[in-house]
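Following: one structure in structure tokens, then a few remarks.
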Amino acid sequence: MTQSTAMWHRTHTLGELKKSHAGQDVILTGWVNRHRDHGKFIFLDLRDRYGITQAVVDPDHAPAAYEIAKNLRAEFVIAVKGKVNARPDGMVNKNMTTGEIDIQVTDIKILNKCDVLPFTIQDESEASEALRLKYRYLDLRRSTLKNNLINRSKFVRQMRNALDDRGFLDIETPFLYKSTPEGAREFLVPSRIHAGHFYALPQSPQLFKQVLMISGFDRYYQIVKCFRDEDLRADRQPEFTQVDIEMSFVDEAVVTDTLEDVTRTAVTNYFDGNVNLPKPFPRYTFAQVMEDYGVDKPDMRFDLKLKNLTDLVRESEFKVFKEACASGGIVNCIVVPGAAEKFSRKDLDELGELAKNHGGRGLAWIKKVPGTGVASWNGPISKFFKDGDCAAIEEQAGIKNGDLVLFGAGTYDSTKAMLGAVRNSLGAKLKLYNPKDLCFLWVTEFPLLERDVENNRWLARHHPFTSPRPEDVHLMKTDPGKVRASAYDLVLNGYEIAGGSVRIHDPDLQKQLFDTIGLSDEEAHSKFGFLLDALRYGAPPHGGMAFGVDRMVMCLTGSDAIRDVIAFPKTQKCTCLMTGAPSLVSAPQLKDLHVKVDAPLTGEK
């Protein structure tokens, strides 16, 4: 049958028709979600981003449309004309927003056909992630991913509204930037005009937003792409999106109070008021969370604190504990209430491998059974302890009958890191929290510097423009390792979703910090000269923060990875399977950019 080429303009989306529309003539457009031929009638579920509407094709009512409908398949793009019918009460589909009605079709137009699909488009897809990423445009038709992107847009809009309402200005900063190799690796862009010179894609707009404060724009924000050429994890991508924010004439309390208010407003509006967030968010120091949870971004939806047993096991006969204590390390444990019978030897071995993957030597363990002393410790290390040792450890750690106890020993950093990872795994495995809960908290008083033992120097823990806490400035020359930063992270459900600091606005203090990390005046001016010059022309006190949009939306939507909330993400090998990026370029292109590479090329020589 020949169809008219004239465009049919839809009158409604596929998520808006209700019983009140009954009797109206409509034109609907979308994809065929399901096609069901019941012999007498053909039922079509049409889908667009707004929802699904059922259309019914009756051969007696519309014979020409029926002939077309017989040849339709899933994912054909079609338009239908018809009349809205109200379903009888017993036929209402309460699982669909349009379940009160269906469409009596009078005509159909095929707008485009669909080849055989590489995988079935359904919420619980059995296709591999690699296949779905290759055909991302199909994967995005699944309602799960579609809704994630809709919710991402909604959250960003709420953040913009909250910042606009508080007097922040949306100001763009450049993408082609000066290379300042500090921290993560940069992506470099060769300059065609300036032979042998390179731009860098910014890891953040840090220096530009500080200059904006010096320029007098006292409240700035930007929804901005940032770039880091680093190894990937489930919550990292080489290009990511930030809500970047800076404020002038502030201290740490003003910044965190203001941006907590922004967060609470945006998240509450995102959930249409159906969320209850504490006011204020709980606050913990870096030292507190490391001691109790082993990580600087703890998931506080469940308990399981780490217990320090170092002083009790210094003279232990267990060699691993004794050596850790003798070398200045620590021994900690996690007590898992009532879990002794829930973990097999295989489960415990898997936790031991997890500990090793996070820098530890492995886990020791015991299961507490009824009784006293060593006889009540069921596990391979029990033979190294005496009754009195067991009693002291049980009292210190709060161990009771039926508990599983997991021990870690080694340096402070390695022991905390491995037990922190094990704790997170236990929380998920034992379902110790409601996945829909939101637990925000602040972590403050981070160390300003960290020691690079290999090169025998101090490094800025965050970036070299972070201000020390005023009460610790006097330690900069005498004991740099004890200086705390005016820095703060906002944590949600075990993820750092925002981080920031008060910046150094005093040029003399900035020079002092550069001296401490071994950056000469010549190097500092080569890398950051424009900022150092600007600081001498009336820089106000200023500070700010950046929210990771991808990570935040991942938490708000309950997704497992940030790839699920990004339209076109990269794989963990930093490739785009859909487009084939990164790709080779031709020799003429490289010649034009004054670049030579030691790799195979395509195109002309």
Item to check | Listed residues Asn357, Gly408, Leu441: farthest to the positive end of the dipole of the range 355-444 (Cβ charges) | outcome: Asn357
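As a test of reading the structure, rank Arg423, Arg157 by solvent-accessible area (1.4 Å probe, protein chains only), most first.
On the way: Arg423 0, Arg157 115 Å².
Output order, biggest surface exposure first: Arg157, Arg423.
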Checklist entry - Considering only DSSP states other than H, G, I, E and B, which chymotrypsin sites (Phe, Trp or Tyr not before Pro) in the range 514-561 qualify as loop sites with at most 12 other Cβ atoms within 10 Å? => result Tyr537
Checklist entry - Quick one: accessible area per residue over the chain, 1.4 Å probe, rounded to a whole number of Å²? => result 50
Checklist entry - With the radius of gyration and the Kirkwood radius both derived from the Cα set of the range 206-361, what is their ratio Rg to Rh? => result 1.07
Checklist entry - Using 0.36 nm per residue, how much length does the chain from Lys596 to Asp437 gain when fully extended, once their Cα-Cα distance is taken away? => result 52.0 nm
Checklist entry - Among residues other than His38 whose Cβ falls under 15 Å from its Cβ, what is the net charge (Lys/Arg +1, Asp/Glu -1)? => result -1
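What translational D, rounded to a whole number of µm²/s, comes out for the range 453-515 from Stokes-Einstein when the hydrodynamic radius is the Kirkwood one over Cα pairs, at 10 °C and 1.306 mPa s?
On the way: Rh = 12.9 Å.
The calculation lands on 124 µm²/s.
Under the Kirkwood approximation applied to all pairs of distinct alpha-carbon atoms, what is the hydrodynamic radius of the range 116-260 in Å? The partial results should precede the final answer.
Values: mean 1/r = 0.0542 Å⁻¹.
It is 18.4 Å.
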Next on the checklist: Can you give me the % of accessible surface on the range 286-371 that is carbon or sulfur? Probe 1.4 Å, all protein chains present, nothing else counted.
Outcome noted: 47
Item to check | Dipole of the range 235-314 [Lys/Arg +1, Asp/Glu -1 at C-beta], most positive-end residue of Phe249, Val313, Tyr270 | outcome: Val313
Checklist outcome for this item: Filtering chymotrypsin sites (Phe, Trp or Tyr not before Pro) in the range 203-270 by DSSP loop and by at most 15 other Cβ atoms within 10 Å leaves Phe217, Phe249
Item to check | Neighbourhood charge, 12 Å Cβ-Cβ cut-off, centred on Ser191 and excluding it, Lys, Arg +1 and Asp, Glu -1 | outcome: +1
Checklist outcome for this item: Normalised Cα Rg of the range 516-605, dividing by 2.2 N^0.38 Å with N its residue count, works out at 1.79
Checklist entry - Which angle between 0 and 90 degrees, to the nearest 10, do you get for helix 387-397 versus the longest principal axis of the chain when only C-alpha atoms count? => result 50
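Ratio of the range 309-358's C-alpha Rg to 2.2 N^0.38 Å, to two decimals?
On the way: Rg = 13.2 Å, N = 50, 2.2 N^0.38 = 9.7 Å.
Taking the Cα Rg and dividing by 2.2 N^0.38 Å, one obtains 1.36.
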Checklist outcome for this item: Cα-based Rg and Dmax for the range 288-385, in Å, come out at 14.2, 38
Item to check | Reachable lysines from Lys94, criterion Cα separation under 23 angstrom, eight or more residues apart if same chain | outcome: Lys18, Lys19, Lys83, Lys146
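Measure up Lys279/Lys431; Lys367/Lys429; Lys154/Lys225; Lys482/Lys527; Lys305/Lys431; Lys322/Lys342 against 23 Å on the Cα-Cα distance and list the ones that go over. Don't skip to the end; give the middle numbers.
Working: Lys279/Lys431 26 Å; Lys367/Lys429 18 Å; Lys154/Lys225 18 Å; Lys482/Lys527 27 Å; Lys305/Lys431 16 Å; Lys322/Lys342 29 Å.
Over 23 Å Cα-Cα: Lys279/Lys431; Lys482/Lys527; Lys322/Lys342.
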Item to check | Principal axis dimensions, the range 194-240 - Cα atoms, whole angstrom, descending | outcome: 37, 36, 12
Checklist entry - Roughly speaking, what is the centre-to-centre gap between the range 110-157 and the range 7-26 when only Cα atoms are used, to the nearest Å? => result 25
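For a protection proxy built on the mean count of beta-carbon atoms within 10 angstrom, sort 470-481, 57-68, 404-415 highest first, please.
Numbers: 470-481: 12.9, 57-68: 16.6, 404-415: 22.7.
Highest to lowest by the protection proxy: 404-415, 57-68, 470-481.
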Checklist entry - Size of the dipole of the chain about the Cα centre, Lys and Arg at +1 and Asp and Glu at -1 on the beta carbon, nothing else charged, in debye to 20? => result 1580
Checklist entry - Over the range 117-254, what percent of the accessible surface lies on carbon and sulfur atoms, probe 1.4 Å? => result 51
Item to check | Relative pair counts by distance (%), Cα atoms of the range 52-192, 10 Å bins | outcome: 9, 20, 24, 22, 13, 9, 4, 0
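Over the range 1-87, what percent of the accessible surface lies on carbon and sulfur atoms, probe 1.4 Å? Don't skip to the answer; put the middle values down first.
Details: 2260 of 4370 Å².
Roughly 52 percent of what the probe reaches on the range 1-87 is carbon or sulfur.
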Checklist entry - Which of the pairs Lys297/Lys416; Lys109/Lys134; Lys70/Lys113 have their Cα atoms more than 21 Å apart in this structure? => result Lys109/Lys134
Checklist outcome for this item: Once normalised by the length of the range 224-282, the mean sequence separation of its alpha carbon contacts under 8 Å that are 6 or more apart gives a contact order in percent of 22
Checklist entry - Just how large is the dipole of the range 462-605 about the Cα centre, in debye to the nearest 20, putting +1 at every Lys and Arg Cβ and -1 at every Asp and Glu Cβ? => result 320
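Net charge near Phe155: determine it from the other residues with C-beta under 13 Å of the C-beta of Phe155, scoring Lys and Arg +1 and Asp and Glu -1.
Numbers: positive: Arg152, Lys154, Arg157, Arg160, Arg551; negative: Asp272, Asp550.
Computed value for this residue: +3.
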Item to check | Order of exposure, largest accessible area first, which applies to Val211, Val105 with probe 1.4 Å | outcome: Val211, Val105
Item to check | Alpha-carbon centroid distance for the pair the range 526-553 / the range 463-486, whole angstrom | outcome: 18
Next on the checklist: Considering the Cα positions of the chain, please state its Rg to one decimal place and its Dmax as a whole number of Å.
Outcome noted: 30.2, 93
Checklist outcome for this item: Probe 1.4 Å, all chains present, heavy atoms only: His462 accessible area in Å², nearest 10, is 110
Checklist entry - Between the range 260-316 and the range 382-399, how many Å separate their Cα centres? => result 29
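Largest first, how would Glu186, Glu395 line up by accessible area (1.4 Å probe)? All intermediate terms of the calculation are to be shown ahead of the outcome.
Numbers: Glu186 30, Glu395 155 Å².
Greatest to least solvent exposure: Glu395, Glu186.
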Next on the checklist: Taking every pair of distinct Cα atoms and averaging 1/r, then inverting, what Kirkwood hydrodynamic radius in Å comes out for the range 448-596?
Outcome noted: 19.0
Item to check | Fraction of beta bridges assigned by DSSP in the chain that are antiparallel (%, nearest 5) | outcome: 90
Checklist entry - Quick one: how many Å² of Met578 are accessible to a 1.4 Å probe, rounded to 10? => result 70
Next on the checklist: With every atom except the alpha carbons ignored, what do you get for Rg and Dmax of the range 1-130, in angstroms?
Outcome noted: 14.7, 46
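For every helix of n ≥ 4 consecutive DSSP H residues, a contribution of -39,500 (n - 2.57) applies; sum these over the chain, divide by its total residues, and give [θ] at 222 nm rounded to the nearest 500 deg cm²/dmol.
Values: 15 runs with 167 residues, N = 605.
Theoretical 222 nm ellipticity from helices: -8500 deg cm²/dmol.
Once you sort the root eigenvalues of the Cα gyration tensor of the range 94-164 as a ≥ b ≥ c, which label holds: rounded (a/c under 1.5), prolate (a/b larger than b/c) or oblate (the other case)? Could the numbers behind the result be given before it?
Working: a/c = 2.10, a/b = 1.21, b/c = 1.73.
Oblate.
If R0 is 35 Å, what FRET efficiency do you get for Ile110 and Val275 from their C-beta distance, rounded to 0.05? Don't skip to the answer; put the middle values down first.
On the way: r = 44 Å, r/R0 = 1.26.
Calculated value: 0.20.
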Item to check | Heavy atoms of Leu584: accessible area, 1.4 Å probe, square angstrom to 10 | outcome: 100
Checklist outcome for this item: With the range 402-526 reduced to its Cα atoms and the Debye formula applied, log10 I(q)/I(0) at q = 0.15, 0.19, 0.23 1/Å amounts to -0.85, -1.10, -1.33
Next on the checklist: Let's test the formula: R0 of 41 Å, r as the Cβ-Cβ distance of His194 and Glu450. What FRET efficiency results, to the nearest 0.05?
Outcome noted: 0.70
Checklist entry - For the modelled label position 7 Å from the Cα of Ile150 along Cα-to-Cβ, which residues of the range 517-557 have backbone nitrogen atoms closer than 18 Å? => result 553-554, 556-557
Item to check | All lysines inside 26 Å of Lys591 as judged from Cα atoms, apart from same-chain residues fewer than 8 positions distant | outcome: Lys178, Lys605
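The values are calculated or read from the model by the stated rules, or taken from the named source; none is laboratory data. Bear in mind that the values here come from a model prediction, so they are computed numbers and not experimental data. Every residue, glycine among them, receives a Cβ derived from its backbone with ideal geometry; neighbour counts consider all protein chains shown. Heavy atoms of the whole protein, side chains included, go into the accessibility calculation; ligands, DNA and RNA do not. Shrake-Rupley method; radii C 1.70, N 1.55, O 1.52, S 1.80 Å.
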